1. For C:54, B:70, which order do you get if you count the other beta carbons within 10 Å of each Cβ and list the fewest first?
2. Over the stretch C:28-178, what is the relative contact order in percent, taking alpha-carbon pairs closer than 8 angstrom and at least six residues apart?
3. How many percent of the alpha carbon pairs in the stretch C:62-139 exceed a separation of 20 Å?
4. With the cut-off at 1.5 for a/c, could you classify the stretch B:4-144 from its C-alpha gyration tensor as rounded, prolate or oblate?
5. Expressed as an acute angle from 0 to 90° and rounded to the nearest 10, what is the orientation of the C-alpha long axis of helix A:272-295 relative to the principal long axis of chain A?
6. How long is chain C along each principal axis, judged by its Cα atoms, biggest number first, in Å?
7. Sum -39500 (n - 2.57) across every DSSP H segment of at least 4 residues in chain C, then divide by the residue count to get the 222 nm mean residue ellipticity, nearest 500.
8. Angle, helix A:215-239 long axis vs. longest principal axis of chain A, Cα atoms, 0 to 90°, nearest 10?
């Protein structure tokens, strides 16, 4: 058990290093897109370690405790991620709903801490983050439930194995409408451009992060990197057939994240009501149509 | 299509027929200025607002220390005719007072506060006019009056950077330009072999 | 078999080593809070976009004072903005640096005899790097940031320490010019 715990923390650390590198490379890519030279690929590491080396001000114990709760909650979630078929810490506990519940602990920790700072912009940011979550989670859940209904399992590694066993019949191909919804929900989950309402640096001064500086901000950056790792790995496992070995995982991970940040580079930001209306209009409709034709009509490519 | 020159002329005839205008200036195709007595301002603004000049563009003042007068300037604008009208009136400088035009143009609230802050004009009827707006904690006479000396205020309140004297010492050094000219003359002399 | 002998490091030496490691990260990842009150701010868009690309040095704009390392004062400061500037500077987390752009921050520039504009920024907050010029061109701005990185490397960019040690002196100057540093207006109450 102890060994599995260490293994899980190792996966979280792997996710942090992986996502920070991939995000750094993506900063370089978007720099090149804008005809700039772009930062160093390890710039994100420098940023995080710089933040950890600074002195921080506190706004009371809820503010500090919430940061630790956010980071701890996200590390606990990342422990259950199946990276490849064999590279996972808890083989029997990688049910999808574990992620759905545990990831909320980290998010709530951050929400609690941001509200504890007493800054009105932080409260607006938290409210917007939760509203966005509510908007994209419903269509996303409809698609996931469709997949679970079709395969009869809700274990992430089980779903990955199912796709590999059926001759690499990935759900991104088998359920194309659902995959569109999942990509949109993933963009909202990662806080990519059209759905970036809760960060909005020019509007609400980076939202929940407004009062953080120094060590707390560094910890929240680590937490966000691991959150992004969880969300992108879930997408890779659910829709791209998981990975037999680590290289396939890295390739798929990099492809998904880079494609999303390329898309986000050409968009401007939605308003919060536009985000909610958008998700409740088209993605929800598409997800329900996909569920209907996949489950009742049995039309799966 | 309306002719805006005619618009301006129309305004002049209209206003001059109703009010006792001290001086009229037809500044340009789109601008007319009337100088009126202080008591006429309210009824005139009211009249212009009802005839379509419904935007108060600006309210400010000019200080004339030689005449010992303070001149108030109201600028109103008509969006249909495209004509700005300036209404000017001279008031007492020592004790500048004016009745607020808040009932006519509610937007004058902040202009009046600004005019009070920079010129010391008291607007009766505007409850906020004495509050500070731009200058915080001002402790001198209103700064846009002509008898205010900004340089003296700046020197009294803000530390000035003191420069060391090295610049002057450098200037007392021998001029490199003279040396260069002397050298060039010597070279020329040598080149010509001492001949003129 | 010989074992490597490590000489005992004193606590001060250990602290200094850690500080040097921290300085490496700090000078390679400078986040700015741009306090764009004056016209020199127009030099920042070319410095940030593809012409000079500040991000290749690890620099970038930040939204709030808590997250930022550099307070970039671009141009003249009126009394009203100086109050907010002092608020902002005191909110930043240490180590923090101040960069003053343009001659207005050095000696008042063309506003040297104005009733509303201060003349010398370093009387109120410590300034680490000045970029002279009215306005400085973009190469000079970039050069100023590289100078700041050098100063951090050579441990000479310690204005924040100076502010903490000589707080009374700075406070006295602020009160002498401003009367009262705290902001009292209808929007804050």
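1. On the way: C:54 22, B:70 25.
Listing C:54, B:70 from fewest to most nearby Cβ atoms yields C:54, B:70.
2. Details: 270 pairs, mean separation 33.6, N = 151.
Computed value for the stretch C:28-178: 22 percent relative contact order.
3. Values: 868 of 3003 pairs.
Pairs farther apart than 20 Å: 29 percent.
4. Working: a/c = 2.10, a/b = 1.68, b/c = 1.25.
In terms of gyration-tensor shape, prolate.
5. Around 20 degrees separate the two axes.
6. Per principal axis, max minus min of the Cα coordinates gives 77, 42, 30 Å.
7. Working: 7 runs with 76 residues, N = 189.
It comes out at -12000 deg cm²/dmol, rounded to the nearest 500.
8. 10 degrees
Only the coordinates and a few stated rules stand behind these numbers; no lab work does. Note that the structure is predicted; figures quoted are calculated from it, not measured. Cβ sites come from the backbone with ideal geometry, for glycine too, and all protein chains shown count toward neighbours.
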